[in-house]
Amino acid sequence: MRSPEDELAELEAASLRRHLRAVDSPQLAHTQVAGQSLSNFASNDYLGLANHPHIKQAFIEATELWGTGSGASRLICGSLPPHRKLELYIATSKGTEAALVFANGYATSLGALSALLRKGDTVILDKLSHASLIDGARLSGATLRVFPHNDLNKLSKILEQTFSKKSTDARVLIVTESIFSMDGDHAPLADIIALKQKFGALLLVDEAHGLGILGPTGMGLAEQLDCAKGIDLQMGTLGKAAGVAGGYIAATKPLIDLLTNKARSFIYSTAPPPSQSHAALVALQLIRSPEGSKLRQKLWNNLQTFADATQTPLPASAIIPWHVGPSAQALELSQTLQNTSALLVPAVRYPTVPRNTARLRITLTAAHSTQDIQTLAAALLHHTA
């Protein structure tokens, strides 16, 4: 029988062993790690809302009013007003009939996909879809097909093959992210919608990294492209740009009712703390407000500053992959930036990304200063020249 020590040694030898990073400060643009003050380019808190005073106050007030925990699952006695108000606001903001909130994004993926799909159905995923989407698809028992990243020709061929032999009641679901979590690029949503309509498939789009930063009111890439009505299930997380926690699905009322009855990660989990849902509601209201618009503009100004300083194209999102290749070299560069320039820029390796495509995953936020970004750019150019 293999031992844990043997497996850990294998990971160490391949530069794939991971360790928890002990952060000793709130989620800020400048953070404390093991006694060292670092500029934080690792966080998904894209708008800097995790420490926004109004959102913190909302969390405190809801705790005073509703307590610290929900006490039960939503279907027993844990469906409290903050949960219901948040769902109504998400549905209104997304232009759908209903919405359902989960404890986090991973639970949303697993619950939604395993509830919607079963043996005999087909789920078609972009190859770079998040691990939670892949896990949900596998758990469902449906036939899993994968198309190369953003390859519409291959997607069309898979759809044609699938519909030529599917049974009458079988579901076919296309799954993609709007902004891909490790590459930061966009999905061609309008073209994917055209294909799904042509064949009669369903479409789930994960806006985890689009919410807050794209669209006139920050509701994501679908809002920016004005194509949300062509998406059957709009998924997202409240733990990134919204600065709180939780995941959601926005869809038609029948689809949401189906998830309520079949999504195991929803049914068999204690409801999220009411204060979490209330704070997330306030965060979404802020994102859609004039202040949210100003924060988005600040973020995009920062992205332009980075592009100018590194003489690279304007990033498509707040996520910037700085490609290295071998895992060991990516780890070395990350550590060098920390040691020499006090920069927290994590190395991302297999299995999060394909083998030999390790990179630094840089995330910019509205909370970074121009000087922060110029320091980062200068260090990257110096150490990768």
**Residue match in region 287-310 (condition: of a type outside the set (G, A, S) and within 22 Å of P81 (Cβ to Cβ))** = yes
**Prompt:** Exactly one of (1) under 14 Å from V244 (Cβ atoms); (2) outside any helix (DSSP H, G or I); (3) assigned by TED's automatic domain parsing to the domain that holds S269 is unmet by G48. Its number?
**Reply:** (3)
**Request:** Mind listing whichever residues of region 67-85 are hydrophobic (A, V, I, L, M, F, W, C) and either in contact with an Asp or Glu (Cβ under 8 Å, 6 or more places away or on another chain) or not in a helix (DSSP H, G or I) (or both)?
**Result:** A72, L80
**Asked** If only one of Q36, Q32 is outside the structural domain of I256 (by TED's automatic domain parsing) and touching a helix residue (DSSP H, G or I) at 6+ places or on another chain (Cβ under 8 Å), which one is it?
**Response** Q36
**Message:** Looking only at region 51-93, how many residues end up being crowded, with 20+ Cβ neighbours inside 10 Å, closer than 23 Å to S265 by Cα and not β-branched (V, I, T)?
**Reply:** 8
**Prompt:** closer than 21 Å to V282 by Cβ, surrounded by 22 or more Cβ atoms within 10 Å (Cβ to Cβ) and of a type outside the set (V, I, T): does that describe L110?
**Reply:** no
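Out of the helices (runs of 4 or more DSSP H) lying entirely within region 255-357, which hold 2 or more residues that are basic (K, R) and either touching a residue at least 60 places away in the same chain (Cβ under 8 Å) or surrounded by fewer than 17 Cβ atoms within 10 Å (Cβ to Cβ) (or both)?
Details: elements: 264-267, 274-287, 290-310, 327-341.
In region 255-357, 290-310 are the helices (runs of 4 or more DSSP H) which contain 2 or more residues that are basic (K, R) and either touching a residue at least 60 places away in the same chain (Cβ under 8 Å) or surrounded by fewer than 17 Cβ atoms within 10 Å (Cβ to Cβ) (or both).
Suppose the filter is out of contact with any helix residue (DSSP H, G or I) (no Cβ under 6 Å at 6 or more places or on another chain) and surrounded by 11 or more Cβ atoms within 10 Å (Cβ to Cβ); does A9 pass it? I'd like the intermediate steps shown before the answer.
Values: out of contact with any helix residue (DSSP H, G or I) (no Cβ under 6 Å at 6 or more places or on another chain): yes; surrounded by 11 or more Cβ atoms within 10 Å (Cβ to Cβ): yes.
Criteria met by A9.
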**Message:** Quick check on R361: is it modelled with pLDDT of 95 or more and basic (K, R)?
**Reply:** yes
**Qualifying residue in region 306-326 (condition: closer than 30 Å to D135 by Cβ, at pLDDT below 95 and aliphatic (A, V, I, L, M))** = yes
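The values are calculated or read from the model by the stated rules, or taken from the named source; none is laboratory data. Keep in mind the model is a prediction, meaning the values are calculated, not measured. Note that we place each Cβ from the backbone using ideal geometry, even for glycine, and neighbour counts take in every protein chain shown.
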